[in-house]
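*Asks:* For reference, the structure I am asking about is given below.
Derivation of every value follows stated rules applied to the coordinates shown; laboratory data play no part. Just so you know, these numbers come straight off a predicted model, no measurement behind them. Every residue, glycine among them, receives a Cβ derived from its backbone with ideal geometry; neighbour counts consider all protein chains shown.
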């Protein structure tokens, strides 16, 4: 996988999060994991409360941020944030949380079709990153979804971007 | 190697390392994937997360140690890689709703739902395309089943039902008395709903109390009934849902002539 290297200004995000092991046997009776439930919860709130997102920009973009915890390697525990970009965080509804995405250099990987469902984390972190001139600037990564993503049922026609905050190795 | 085999191999790796300090990272590395991808796949195939399975297996073996040895709880907890007895007790209570110290004094554990190692056959069964559960919560009044007890796995139901002449035969019931018995010796009471006080010959009468049940409709044969029960108790039903006094399952057979592969109806008591 070859990324584009870009500079991105800080972004304000409004959304919802989950912290824990999203693949643990949950209280729901469906087959979805906690990340699926988080997306459903957020999308329903977004649909039913448009006023809370009046500062939304890039209305076709939503994103999922993966933030490993200190217990990630031992317990598989991490944070997932899903949300949208806003131009200002003047109101943070009680149901939501806000994030400031830091200004940084980012490596942008475009995943197409089945690649979206593949183990791209391994490819990026175990293969591309160690061989590149960069190291992680911050320990998180972002999945950007825009109108190129047609849904999991139309994966073959879909594309998403992975953003990895990086810095030149010294 | 398909995904089921790969995940099965990971469960074998976990099994070999229950007393060693291993991390989710080690299990994912052994399979050759990132933690994120591996955990998602493990959950898809087993219904559990790798860490959850590792802990449940350790706690289930600890039950056995507490019951069968004189080892101190602190030693058992350290042996199974819990940092201290408090962490162990908390995790133990979360899984069994019982403190390890209580188990040591009472030594009663038949009602505890232990996490069995996941066999390849079990994983193949729950990942079959036609393995779909339909479920619903229902309330039932108390009733009595009159019938015979058997541990025969074969279709001997006809013989038993024929012996029960003179009772209503709309549909019959199978009461699985020890559904989590792993050696396939599941004792069953086969009979009809019957509210008389008469208990002829060698028949057995069991009062089923008024109860809330999770009703399941699922395809199952005699050969994979153990796997189905294992799945329902150890994975699908959360611990706090289950009636903790004694695990039992009721099956309602509407027509003894139906093919075994057709949807079968089971009731599991929940609290």
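*Asks:* Residue by residue through A:143-154, how many Cβ atoms from other chains fall within 10 Å of the Cβ on average?
*Replies:* Going residue by residue through A:143-154 and averaging, the value is 0.
*Asks:* Evaluate the relative contact order of the range B:1-89 (contact order divided by residue number), counting alpha-carbon pairs under 8 angstrom at least 6 apart; express in whole percent.
*Replies:* For the range B:1-89, the relative contact order is 25 percent.
*Asks:* Okay, moving on. For helix B:85-96, what angle does its Cα long axis make with the longest principal axis of chain B, in degrees from 0 to 90 and rounded to 10?
*Replies:* 30
*Asks:* Return the FRET efficiency for the residue pair residue B:137, residue B:263: r is the Cβ-Cβ distance, R0 is 22 Å, and the value is rounded to the nearest 0.05.
*Replies:* So the FRET efficiency works out to roughly 0.75.
*Asks:* Return a whole-number percent for the relative contact order of chain A, with Cα pairs under 8 Å and 6 or more residues apart as the contact set.
*Replies:* 30
*Asks:* For helix B:3-16, what angle does its Cα long axis make with the longest principal axis of chain B, in degrees from 0 to 90 and rounded to 10?
*Replies:* 70
*Asks:* Which angle from 0 to 90°, rounded to the nearest 10, does the C-alpha axis of helix B:50-68 make with the longest principal axis of chain B?
*Replies:* Helix B:50-68 sits at roughly 70 degrees to that axis.
*Asks:* Can you give the average number of partner chain beta-carbon atoms within 10 Å of each beta-carbon in peptide B:25-32, as a whole number?
*Replies:* Mean inter-chain Cβ contacts per residue within 10 Å come to 2.
*Asks:* Please rank A:161, A:70, fewest neighbouring Cβ atoms within 10 Å first, as an exposure proxy.
*Replies:* A:70, A:161
*Asks:* A follow-up question, please. Based solely on its DSSP helices, what 222 nm [θ] is calculated for chain A when runs of n ≥ 4 H residues each add -39,500 (n - 2.57) and the sum is averaged over all residues, nearest 500 deg cm²/dmol?
*Replies:* Taking each H run of at least 4 residues, the total per residue is -3000 deg cm²/dmol.
*Asks:* Please list log₁₀ I(q)/I(0) at q = 0.14, 0.15, 0.18, 0.19 Å⁻¹ for chain A, using the Debye equation with identical point scatterers on the alpha-carbon positions.
*Replies:* -0.81, -0.94, -1.37, -1.50
*Asks:* Further question on the same structure: If I take every Cα pair under 8 Å that is 6 or more residues apart in chain B, average their sequence separation and divide by the length, what percent do I get for the relative contact order?
*Replies:* 18
*Asks:* Along Cα→Cβ, 7 Å out, is where each label goes; now give me the distance between the ones at residue A:133 and residue B:198 in nm to one decimal.
*Replies:* Calculated label separation equals 9.5 nm.
*Asks:* Across the residues of A:69-76, average count of Cβ atoms on other protein chains within 10 Å?
*Replies:* That average works out to 6.
*Asks:* Where does the Debye-calculated log10 I(q)/I(0) of the range A:74-170 sit at q = 0.12, 0.13, 0.19, 0.22 Å⁻¹, using only Cα point scatterers of equal weight, no solvent?
*Replies:* So the normalised log intensities work out to -0.50, -0.59, -1.12, -1.26.
*Asks:* Same structure again: Let me see the pair-distance distribution of chain B: every alpha carbon pair, 10 Å bin width, integer percents in order.
*Replies:* Final binned percentages: 6, 26, 31, 22, 11, 4, 0.
*Asks:* Where in the range B:101-115 does the amide nitrogen come within less than 19 Å of the point 7 Å from the Cα of residue B:69, taken along Cα to Cβ?
*Replies:* Under cut-off, by backbone N: B:101-109, B:115.
*Asks:* So what does log10 I(q)/I(0) come out to for the range A:1-62 at q = 0.25, 0.29, 0.30 Å⁻¹, using the Debye formula with one equal point on every Cα and no solvent?
*Replies:* Taking Cα atoms of the range A:1-62 as identical point scatterers yields -1.07, -1.25, -1.31.
*Asks:* A follow-up question, please. Quick one: order B:77, B:271 by neighbouring beta-carbon count within 10 Å, fewest to most.
*Replies:* Going from sparsest to densest Cβ surroundings: B:271, B:77.
*Asks:* While we're on this one: Tell me, B:69, A:74 in order of fewest to most beta-carbon neighbours within 10 Å?
*Replies:* By the 10 Å Cβ count, ascending, the order reads B:69, A:74.
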